[in-house]
Amino acid sequence: MIIFLRNIPEKTKHSDIIAFIEPAMKKRWFQKKGEIINVRVMKLNDARTEASEFHGVVTIEPDKVGVQVVQALNRKRFLDKHIAVHEYQCRNWHNDLRLDQAVCDHERRKGERRHGDLQEAGNVSSQAASTQNFLKRYG
């Protein structure tokens, strides 16, 4: 399962994300031990306002542990900032139900809800440092 940490602070390191997630991965009776497979820090640039957003993307196995992590950490404080933690949803324009319907003048939603003008600046995990510690521990 891929976990999405929304609007994390700019100075976030891999070790900060791991330290935030690991306590929520406590092993329960008859449950497989959870494992962090991958940690990435993504930067998105808004061309209109010239602002940047940082998000964490963490892969956790098995999925049951990922669900447990989302339930435990959503709306919690991370580095003195409340963040949203949820399952990453991969969206595809082929799945948009509005494409099958005729365009109506009385449609409630006039435009796209999501940020249409965000540009992915890329994976800034290498700038987030502590990659070597992550690979030593989990790689």
Among the candidates 80, 63, which residue alone is charged (D, E, K, R) and closer than 15 Å to residue 6 by Cα? 80
Strands (runs of 3 or more DSSP E) fully within the range 27-139 counting 3 or more residues that are at pLDDT 75 or above, surrounded by 11 or more Cβ atoms within 10 Å (Cβ to Cβ) and more than 15 Å from the chain's Cα centre (by Cα): 35-46
Report the residue count in the range 1-26 for those that are touching a strand residue (DSSP E or B) at 6+ places or on another chain (Cβ under 8 Å), surrounded by fewer than 19 Cβ atoms within 10 Å (Cβ to Cβ) and of a type in the set (S, T, N, Q). 1
Inspect all residues belonging to the range 10-19 and state whether any of them is touching a Gly at 6+ places or on another chain (Cβ under 8 Å) and farther than 24 Å from residue 64 by Cβ. yes
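The values are calculated or read from the model by the stated rules, or taken from the named source; none is laboratory data. Small disclaimer: the values here were computed from a predicted structure and weren't measured. Every residue, glycine as well, gets a Cβ built from its backbone with ideal geometry; the counts of neighbours run over all protein chains shown.
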